[in-house]
Amino acid sequence: MTERIYLDHHSTTPCDARVAATMQRMLVEQFGNASSGHVYGQEAAEAVKTAAEQLAGGLGATAPEFVFTSGATESNCLALFGVCLHPRQRRRKIVTAATEHPAVLDPLARLAREGFTVVRVPPYPQGHPQAGQVDQARLLAEIDDQTALVSIMWANNEIGTIQPLEAIAQRCEHSGALLHCDATQAVGRVPVRLDQVKVDLLSGSAHKFYGPMGVGFLYVRHTGKRIRLRPLVEGGGQQQGLRSGTLNVPGIVAMGHALQICLASLETDAKRIAALRDRLCSALRDAIPDVRLNGSALDAGRLPGNLNVRFPLVEGEALMAATPSVACSSGSACSSVKPEPSHVLLALGCSEAEARSSLRFGVGRTTTEAQIDAAAERLAASWQRLRSMMS
Ligand SMILES: Cc1ncc(COP(=O)(O)O)c(C=O)c1O
């Protein structure tokens, strides 16, 4: 049987075996409810505290600033609905980027239906040196004293663009708007330091950094301006009432461990992964004429494992279907069941046909050179086959 090759690490990552062992120990041995007063509960609560400290140490924050959730979708909803629908919120404007993930754009569309003004700022277009980054001058001009919230992702899930946030954070600070950042694709892959960039709220998800699915966090800054959030989930009052429900202790502990492992070798992993990604890009370009890169240049502010390319004359979906042993993606995983072309590529200025002929690859920690070479070979063979069927 042909070896399967996983090149879809933006969609999810395999849980690290050491993290899975930690999780199993928590499930089987330290299974207490963190809210219970007895020794089992105390042990669980202590383990959660340690995990919060691991996140805090890794991200330049403090342990009490983390609210644990079921993943980044929930974290984003807690940030966006939580800020905008708080009874004391008077401001009615939200500023975001056209290239955000649906886990931000969909809640914002709901807020727009409920009367908020939502401004979606476009990115610099394809061909611009900062292609994919939000048009900073336009964004800064939109942030005013009516702006409740600005939501800008740290790194894009389709084209890997890393967004500089310093000037946006300063503008938010100045105008009294809160800055939320969906850092789901950045945490554990590139440095994310909350003591260096003044983001007020930041979402992350364990399964994107070799932890388990179904657990994530929302960082809520405790210093400076007061952040008022209306909770989404009410019940037992856990987590200072911000997210009721029994804590997912095994998941939270696993998430802390997963981040620690990522951060221990962040730089070396990033270098190795970027080299593999570059190798994939070169191999595809050598084998198929006119393969074009979507987004910025590979060495210009892009996630190390991200590659997004357009193939000439063949639809991405068809190429994927013809190469089932190579796992990649034709859009963001969460919306790839929808037939529409990628909103990110359209926002970059790609035509519908160009967007449909694109594929996203995500190289990860376990990817090997042999896998990269085999994947490029198989994709090129499929492309040739599809082309010969068309002519
Ligand atoms: C940028 C971004 N935000 C949010 C999400 C949703 O994360 P989760 O699966 O943890 O809900 C994803 C998942 O693909 C993502 O890439």
Log10 I(q)/I(0) at q = 0.07 Å⁻¹ for the chain, from Debye over equal alpha-carbon scatterers, is -0.32
Quote to one decimal, in nm, the extra length available between E166 and A63 on full extension: 0.36 nm per residue of separation minus the C-alpha distance between them. 34.8 nm
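How large is the dipole of segment 297-391 about the Cα centre if only Lys and Arg carry +1 and Asp and Glu carry -1, each at its Cβ, rounded to the nearest 20 debye?
Details: 9 positive and 9 negative charges, 19 e Å.
Around 80 debye, computed over segment 297-391.
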Taking only Cα atoms and a 10 Å spring cutoff, compute GNM fluctuations for the chain and point out the largest among P231, P14, P87. P87
Selection from G57, N33, V233 lying farthest towards where the dipole of the chain points positive, charges on Cβ: V233
With angles folded into 0 to 90 degrees, how steeply does helix 39-59 sit against the dominant principal axis of the chain? Use alpha carbons for both and round to 10. 50
Could you bin all the Cα-Cα distances of segment 1-129 into 10 Å bins starting at 0 and give me the percent of pairs in each, rounded to whole numbers? 10, 24, 28, 24, 13, 2, 0
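Given R₀ = 45 Å, what would the calculated FRET efficiency be for L346 paired with N33, taking r from the Cβ atoms and rounding to 0.05? Walk me through the intermediate numbers first.
Values: r = 47 Å, r/R0 = 1.04.
Once rounded, the FRET efficiency stands at 0.45.
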Taking Cα atoms, how many degrees apart are the long axis of helix 249-264 and the longest axis of the chain, rounded to 10 and kept between 0 and 90? 60
Shape call, segment 1-67: gyration tensor on alpha carbons, a/c limit 1.5: oblate
Pseudo-spin-label distance D195 to H222, built 7 Å along Cα→Cβ, given in nm, is 1.5
Taking a cut-off of 18 Å between Cα atoms, list the aspartates and glutamates near K49, but don't count ones fewer than 8 places away on the same chain. E29, E65
Accessible area of segment 1-142 belonging to carbon and sulfur atoms, whole % at 1.4 Å probe: 53
Would you mind telling me the share, in percent, of accessible area of segment 260-391 contributed by carbon and sulfur at probe 1.4 angstrom? 55
Name the residue from A141, H257, V67 whose Cα lies farthest towards the positive end of the charge dipole of segment 17-263, charges +1 on Cβ of Lys and Arg and -1 on Cβ of Asp and Glu. A141
Could you tell me the calculated FRET efficiency between K271 and E114, based on Cβ-Cβ distance and R0 = 56 angstrom, to the nearest 0.05? 0.75
Segment 17-263 - charge dipole about Cα centre, Lys and Arg +1 at Cβ, Asp and Glu -1, debye rounded to 20: 440
A297/R230 FRET efficiency (R0 45 Å; Cβ-Cβ; nearest 0.05): 0.60
Would you mind computing, in nm to one decimal, how far apart the modelled labels at L313 and D145 are, each placed 7 Å from Cα along Cα→Cβ? 6.1
Please enumerate, by chain and number, the lysines with C-alpha under 19 Å from the C-alpha of K208, excluding those fewer than 8 residues away in the same chain. K271
The helix 266-287 Cα axis meets the longest alpha-carbon principal axis of the chain at an angle in degrees, between 0 and 90 and rounded to 10, of 30
Which value, in Å², gives the accessible area per residue of the chain when a 1.4 Å probe is used on the protein heavy atoms? 42
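The values are calculated or read from the model by the stated rules, or taken from the named source; none is laboratory data. Since we're looking at a predicted model, the values are computed, not measured. Using ideal geometry, Cβ is built from the backbone for each residue, glycine included, and neighbour counts are taken over all protein chains shown. Calculation scope for accessible area: heavy atoms of the full protein, side chains included, ligands and nucleic acids excluded. Shrake-Rupley method; radii C 1.70, N 1.55, O 1.52, S 1.80 Å.
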